[in-house]
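The values are calculated or read from the model by the stated rules, or taken from the named source; none is laboratory data. What you see is a predicted model, and the numbers here were worked out from it, not measured in a lab. Neighbour counts run over all protein chains shown; Cβ positions are idealised from the backbone, glycine included.
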Amino acid sequence: MDEELAMICFGIISNSGSAKSCYIEAIQKAKEGDFTGAETLMTEGENCFHEAHTVHLDLITNEASGDGVLASLLLIHAEDQMANAEMAKVFAEEIISLYKKLA
């Protein structure tokens, strides 16, 4: 794996992890009744996830144009982290919605 691809993978992992952390913190804010804080963290998470997704989309676009990327454990881990962040978002939205109904 070349250094450029490794850095791309680390960027995906970092941004996905940040997004996931924001979503989990948003749940905690909603649990405390701070729905404005929860919304702010969800937006911050969205921004981080968007960064990860944009870089990942560039890899897919390059592959579609014939400039393929060899699969590696690091790339697979990066994609797994993106998927986990996306699921964390879905769960956070549902849990926050439930906390709002209880408030």
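For the reader, a short list of remarks on this structure follows.
- Remark: pairs (first residue in segment 75-103, over 13 Å from residue 16 (Cβ atoms); second residue assigned to a loop (DSSP other than H, G, I, E, B); Cβ separation under 7 Å; 6+ apart in sequence or on different chains) = 103/33.
- Hey, residue 83 in contact with a Cys (Cβ under 9 Å, 6 or more places away or on another chain), among the hydrophobic types (A, V, I, L, M, F, W, C) and at pLDDT 95 or above or not: no
- Restricting 44, 93, 63 to those that are charged (D, E, K, R), surrounded by fewer than 18 Cβ atoms within 10 Å (Cβ to Cβ), under 19 Å from the mean Cα position of the chain (by Cα) and within 30 Å of residue 3 (Cα to Cα) reduces the list to 44.
- Within segment 1-35, tally of residues that are of a type in the set (D, E, K, R) and either touching a residue at least 12 places away in the same chain (Cβ under 8 Å) or under 17 Å from residue 52 (Cβ atoms) (or both): 5
- Hey, residue 57 free of Cβ contacts under 8 Å to residues at least 24 places away in the same chain, surrounded by 17 or more Cβ atoms within 10 Å (Cβ to Cβ) and within 16 Å of the chain's Cα centre (by Cα) or not: no
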